[in-house]
1. Only residues that are at pLDDT below 85 and of a type in the set (Gly, Ala, Ser): list them for the range 376-416, please.
2. If a residue must be surrounded by 20 or more Cβ atoms within 10 Å (Cβ to Cβ) and touching a helix residue (DSSP H, G or I) at 6+ places or on another chain (Cβ under 8 Å), how many such residues does the range 306-330 contain?
3. Looking for whichever is modelled with pLDDT under 85 and either over 17 Å from LEU372 (Cα atoms) or part of a helix (DSSP H, G or I) (or both) here; the options are LYS484, LYS545. Which one fits?
4. Kindly establish whether PHE277 is in a loop (DSSP other than H, G, I, E, B) and surrounded by 17 or more Cβ atoms within 10 Å (Cβ to Cβ).
5. Among the residues of the range 357-368, which ones are surrounded by 18 or more Cβ atoms within 10 Å (Cβ to Cβ) and either within 32 Å of the chain's Cα centre (by Cα) or over 23 Å from PHE295 (Cα atoms) (or both)?
6. With the condition kept exactly as written, say whether any residue in the range 28-36 is touching a His at 6+ places or on another chain (Cβ under 9 Å), modelled with pLDDT of 75 or more and not in a strand (DSSP E or B).
7. Is it the case that LEU514 is assigned to a helix (DSSP H, G or I), in contact with a Leu (Cβ under 8 Å, 6 or more places away or on another chain) and under 15 Å from ILE376 (Cα atoms)?
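The values are calculated or read from the model by the stated rules, or taken from the named source; none is laboratory data. Keep in mind that this is a model prediction, so the values were computed, not measured. Glycine gets a Cβ as well: all are built from the backbone with ideal geometry, and neighbour counts include every protein chain shown.
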Amino acid sequence: MLLHLLWGQHLISIILKFRKMKIPKSRKARFVELQADPSCKIWFICKGTLVCHRKAVQLSHEEMQECRQSSGVTHYSVDKSASLSEMWCVANTWLCKSIGEQRIERTTSDPFYISEKDNVEETCESYNNFQHILRELESVRQEAYEEKCRREKAERELFEALQKAQASENLYLREMKQKNELEEKLTTIMEEIESLTVRTDELCAKLQGEREQRMVLEKRGAHSDRIIKDLMLQRDKALRETEMLRAKKGESSATAEGMMHITELAYSEIKEATNDFDHSMKIGESVYGSVYKGFLRHTNVAIKKLNPETTQTQSQFSQEVEILSRVRHPNLVTLIGACKDAQALVYEYMPNGSLDDRLACKDNSKPLSWQLRTRIASNICSALIFLHSNKPHSIVHSDLKASNILLDGNNVAKLSGFGVSQILTDQFKATTTLYRYTHPKGSFVYIDPEYLISGDLTPQSDVYSFGIVLLRLLTGRSGFGLLKEVQEAMEKGCLQAILDSSAGEWPAMYAEQLAELGLRCCKIRRKNRPDLQTEAWTVLEPMFKSVSTMLCSLSFKSVSEDLGGVPSYFICPILQDVMRDPLIAADGFTYEADAIREWLDSGHQTSPMTNLELPHRDLLPNHALRSAIQEWLQTNGD
């Protein structure tokens, strides 16, 4: 039996034995009705049958408290659910029926009939027992509620644990995926590292080989330096002897007007030398005339025949004869003679043609190496310095361009094309404007912008043209837009990208210095351009000396091969060049002194020829072979 508290009202069930009636007539029923709380609803049940009931009366809170204190009845809150109340009524009815039946039995059978007062006391005791049972049931219900709360808490904790387990599993799967990806990347990186290691080893081996080759070349260079010094001494001696011969013959270096002797040639000789100006003999052509290859007086020559239709033919002929008859320089083309009748000039023949043709690799010619290009730049700078500092009057070329730079058999550059050159006389030295032309002459790409605008001609006009030549030597490109391209490449730090790759691998320092010099020479304002002698030559001279050593070494070897062949025992097995100081090693072979010493000093214990271990490191001079080599050199040199 459960008793619940419902809306502050107390539900009291009284079990009585009454017949069906409208109002209770039993003293016990009336006693209960009087003692019960007015807010209680009372059902009067007899033998399981509801005989009557009393409705509850709503009282104020204060009145309810007074009634409870006066009645002394313990109240219990009940559940608001109607079903629970009904359950209580049914259970209460069953309890009352049982008690009533017992009392009926006792009344009818027991001789000792208990009075009505005893029945009330027994009912109150049963009621108290019933309240005790209700309290225990309430305690059980409370424990069941707490157990339910604990179960719900446990379920929530289990759900949270399952969520955490699922999150942990997802995290584990992601970490495994990342681990697999990292392992794949690590495998790829390890393969790349192995490949780079192999490549590094190859490059190291290659570098070691190049270092050894460089050491060999340096040795050859030192050897070539000695040869160059000997040749320079011989050249100086020859020049002194030539000057003495000229002095003896009474020849002067210039005429009364300061002109040197120029051979006058007959028109018939010019026609014969060019096979009557045969087209097949033509090697060049310009607006000023055509150039033919000729054979004159047992010598190959270049004959420039000026165009007779040009109004300035006579002035150009006279100007070129006048200038080239005044000056002589290793880097100026040599004028051999002239023919006034044919308006022809005879020059030394330059077998390698013009710089313009060589940069374009005309007729499948071999590209110029960076060493040769550096030397060509130095040659032209030297020629311009000589012209600008000529005494008594300086000379401005005014038409410097790649097609007027010719190359001899050894690719030594010589300046030509003096038809529009000018001699700066003393009357113009005190003025800022040396010469003014209303129609400046020269090639547009190479022409000085200030000269183009104002017509003022100065030596700085040649400096601008020289700058364009430098940039062409570096890049191998035409002059149109070249200045802007090099400027942008220098600003972006990618000069190597526009260098001419056919010239070989330019040294970065040389390339940057030449590019900077070229850009300075091409400044728009003349006053911002460098002086060739004090600034440009300071940059070019160290380069010229450096590349000359390498070029002369190769040149000497070529000359030696042309002397009828060198005996094999004159050649050093290491350097592959003619020995100057032969030494005999422990293996019985003879080597150049510097080469075999370097071989031993580098830690080698074996023979360079047999690869067998040397019994000792002693070296003996081979005087007999040295004498034979010197005798052979003197004989073939003569």
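1. The one that is at pLDDT below 85 and of a type in the set (Gly, Ala, Ser): GLY409.
2. Qualifying residue count, the range 306-330: 1.
3. Selected residue: LYS545, the only one of LYS484, LYS545 that is modelled with pLDDT under 85 and either over 17 Å from LEU372 (Cα atoms) or part of a helix (DSSP H, G or I) (or both).
4. For PHE277, the condition - in a loop (DSSP other than H, G, I, E, B) and surrounded by 17 or more Cβ atoms within 10 Å (Cβ to Cβ) - is met.
5. Within the range 357-368, ARG358, LEU359, LEU368 qualify.
6. Yes, that holds for at least one residue.
7. Here the answer is yes, as LEU514 does meet what is asked.
Each row is one residue, and each column tells you yes or no for (1) touching a helix residue (DSSP H, G or I) at 6+ places or on another chain (Cβ under 9 Å); (2) over 25 Å from GLN460 (Cβ atoms); (3) not assigned by TED's automatic domain parsing to the domain that holds ALA377.
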| residue | (1), (2), (3) |
| --- | --- |
| LYS484 | no, no, no |
| GLU505 | yes, yes, no |
| ALA508 | yes, yes, no |
| GLN513 | yes, no, no |
